[in-house]
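Derivation of every value follows stated rules applied to the coordinates shown; laboratory data play no part. Source: prediction; values computed, not measured. Every residue, glycine as well, gets a Cβ built from its backbone with ideal geometry; the counts of neighbours run over all protein chains shown.
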Amino acid sequence: MTYEEFNDFCRKLTATTHVLQWGNSDVWKVGGKVFAVGGWSASDKPAFTFKASELNFHYLCGEAGYRPAPYLASRGMKWIQQYDGDDQQDDDLQYYLRESHKIVSLGLTKKLQKELGLNQLNE
């Protein structure tokens, strides 16, 4: 996945905002809370950082091309960085980005979730 594809994908998720932060990285937020970062790596290869569930965090720590996210994981947070991906892994990355968006959005107040149209049951 390229940074342009990453930004296009994140832009389509519900109630997201984009800022350039942390060394000109593409930072995506939902309800003002970060759920994904594109960039933020010393390598020339694209790197994508996202929040993970406990299970996905432990699984991805053992997978090639993934590592606990620098800075964040060292502070006990369950964030993963895909630092060596290929086109074959784009679907997986999109899944993890959607999950990160959901995990972060569920941490918002119920009032804010409703205002942003997040996590609402269809009635």
Hey, if you put +1 on the Cβ of every Lys and Arg and -1 on every Asp and Glu Cβ in the chain, which of TYR66, TYR95, THR14 ends up farthest toward the positive end of that dipole? THR14
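Given axes a ≥ b ≥ c from the Cα gyration tensor, I'd like to know whether the chain is rounded (a/c under 1.5), prolate (a/b larger than b/c) or oblate.
Numbers: a/c = 1.66, a/b = 1.48, b/c = 1.12.
The shape class here is prolate.
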Going by how many other beta carbons lie within 10 Å of each one, how would you line up LEU60, LEU106, LEU55, fewest first? LEU55, LEU106, LEU60
Between 0 and 90°, nearest 10: helix 90-106 axis offset from the chain longest Cα axis: 40 degrees
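Kindly put ILE103, ILE80 in sequence by how many other C-beta atoms sit within 10 Å of each C-beta, fewest to most. Provide the component values of the computation, followed by the final result.
Numbers: ILE103 18, ILE80 24.
In increasing order of surrounding Cβ atoms, one gets ILE103, ILE80.
Apply 1/(1 + (r/R0)^6) to the Cβ-Cβ distance of GLU115 and LYS12, taking R0 = 22 Å, and write down the FRET efficiency to the nearest 0.05. Before the final figure, lay out the partial values.
Working: r = 20 Å, r/R0 = 0.89.
For R0 = 22 Å, the calculated efficiency reads 0.65.
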Which order do the peptides 90-101, 25-36 come out in when sorted by mean C-beta neighbours inside 10 angstrom, highest first? 25-36, 90-101
